[in-house]
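Chemist: Please read through the structure below; I'll follow up with questions.
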Amino acid sequence: MRMLSHFHLRCSLLAFVIYGFIFQAQELQSARLNVTGPPGPITVAMGKDVVLPCRFSLEQRVWEDTEVVWFREQFLPFVHRYKGGQDQYGEQMLHYQGRTELLKNGLANGTVDLKIFRVHLSDRGNYTCFVQHGSHYEEAVVELVVTASGSAPLITLERYQDGGIRVCCRSAGWYPQPQVLWEDPHGRHLPAFAESITQDESGLFTAESSIILTRGVNQGLSCSVQGQGAAFFVSDPFFHNAHPWITALGAVLVAVVALVIVAVYLFRIKGKQEKKIAMQEAALRDRDAEIEKQAEELAWRRYAAPIEEAKVVLDPDTAHRDLVLSDDCKSVKREDTLQDIPDIPQRFNPWRCVLGCEGFTSGRYYWEVEVVDGGGWTVGVSREDVKRKGEIEFKPEEGIWAVGQWAGHFQALTFPTRTLLPEIQAPKRIRVSLDYEEGRVAFFSVDEEIPIFTFPLTSFEGTRVHPWVWLGPGTWLKMCP
């Protein structure tokens, strides 16, 4: 009987241990996040309220440990933040204070929709929905499109011109840019005589279009702006004074002919001298252009090709567990699947970053980074003592100098605001240039052989500096050579 009791006890303990392992594995599996936004942009009229949808899947319903942050181009200051079971307004953007609300009644269903009241035109653009639960986080981008309907078309008769009457159609307060259409009584479109589109300080467009109205041909017309129209008709008596200049035309023509004869004579006398001056000015312009081209070439050679080429090898001990390094540690890919490796102090978490093995405390170096495939990414340099755990901001004040494709824009990660680089197409291959003694960090497009951005001079204070990269979802970067 004792042996049988011991046997039953051992079986019970074994079953308990196996059940514990299975329950823990299921619990870890259920903690994974999947955040999704709408399939397309959200459109709203200016002045209306709008809801930006965001859903996440989390089988483990522990909302007290869930943090939700909605932000624009940078994490801080944010648009709206929910943490610790309540809204946080300490570092909210001034532009959104008193105008946002997180629809928390959807938390139980896995929704963290953001409501924005009284939408402004400046609210248009991309919003990032960031959800974090424990050590897991994920994000999705939602695009907001803002429209504005302008005033009804206003038609005015301006003056007699070209044997007819000049008529103007005007409408203001539109976004995006409107189109003005003229139609005859049969619905056929007519070309405009002159058009003008202007934009005020608030970003709203005003459209003006003019047409010459002639008797019997198009006395009846209609003007429409984005579906809003106005029609009018001008009767025959208004056209009686449309040709007041015919009587004086003969005298004017005689005077014009005389002036032309005199002008031709003077131009022949001055022609040779003006031709000579034009040739001299062209030669001077060519020389200035050549000098400018040589100066740009010298600047490129000085900053794009420092003394020594650095052969960068990535440090696997600093790589986030979602980042997979190649065997030679020369390339890295974001898989968003945590690897079974220890989360040691020097490893980045939760940001998907990795450092180069070799650091620099003196000298001038350069290396190149190739974007093989990906969406968001940043490349640059980092101080060795940069923060590895928790929330960090990518800026020089935190020890990071970088540029990259972030939130749909190619930009330099400066502070307090990012420097957008709309005139430069995001390159596939970037050269990073470091002059340690001078404190210069510069970036160049290898594709177009042009400078991208140079940070203000700084002092590294003797701290070792390493190559540094951050990868967005699905990104693959390769260090060259």
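The values are calculated or read from the model by the stated rules, or taken from the named source; none is laboratory data. Quick caveat, the model's predicted, so the values are computed rather than measured. With ideal geometry, Cβ positions are generated from the backbone for all residues, glycine too; neighbour counts draw on all protein chains shown. Quick note on the areas: whole protein, heavy atoms, side chains included, nothing else; ligands and nucleic acids left out. Shrake-Rupley method; radii C 1.70, N 1.55, O 1.52, S 1.80 Å.
Chemist: Go ahead and run the numbers for FRET between Q425 and V260, Cβ-Cβ distance against an R0 of 35 Å, rounding to 0.05. Could the numbers behind the result be given before it?
Modeler: Numbers: r = 51 Å, r/R0 = 1.46.
After rounding to 0.05, the efficiency reads 0.10.
Chemist: Also, I was wondering about something else. What residues of segment 152-166 lie in the reach of a label at L190, counting those whose backbone N is under 19 Å from a point 7 Å from the Cα along Cα→Cβ?
Modeler: 153-166
Chemist: Further, regarding this structure: Taking amide H atoms as placed 1.01 Å from N in the peptide plane, list the residues 5 or more away in sequence, or in a different chain, whose amide H sits under 5 Å from that of R352.
Modeler: The list, which skips near neighbours in sequence, is L471.
Chemist: Suppose the chain between W351 and L103 were pulled fully straight at 0.36 nm per residue; how much longer would it get relative to their current alpha carbon spacing?
Modeler: Working: separation 248, 0.36 × 248 = 89.28 nm, distance 2.72 nm.
Result: 86.6 nm gained on full extension.
Chemist: Right, something else. Taking all protein chains in place and a 1.4 Å probe, what share, in percent, of the accessible surface of segment 139-231 do carbon and sulfur account for? Please list the in-between numbers first.
Modeler: Numbers: 2340 of 4870 Å².
Here carbon and sulfur together make up 48 percent of the probe-accessible area.
Chemist: So between L33 and L338, what do we pick up on full extension, going 0.36 nm a residue minus the alpha carbon distance?
Modeler: Working: separation 305, 0.36 × 305 = 109.80 nm, distance 1.23 nm.
Working it through step by step, the gained length comes to 108.6 nm.
Chemist: In nm, to one decimal, how far is the modelled label at A283 from the one at L457, with both set 7 Å along Cα→Cβ?
Modeler: Roughly 4.1 nm, to one decimal.
Chemist: If r is the Cβ-Cβ distance from R215 to A152 and R0 is 30 Å, what FRET efficiency results, to the nearest 0.05? Don't skip to the end; give the middle numbers.
Modeler: Details: r = 27 Å, r/R0 = 0.91.
In this case the efficiency is close to 0.65.
Chemist: Another question, if that's okay. For L204, put the label point 7 Å out on the Cα→Cβ axis and report which residues of segment 148-188 keep their amide N under 11 Å from it.
Modeler: In segment 148-188, the label zone of L204 (backbone N under 11 Å from the point 7 Å along Cα→Cβ) covers 148-152, 172-175.
Chemist: Hey, can you find the accessible area per residue of segment 400-472 for me, probe 1.4 Å, expressed in square angstrom? Let's see the in-between values first.
Modeler: Values: 3030 Å² over 73 residues.
For segment 400-472, the per-residue accessible area is 41 Å².
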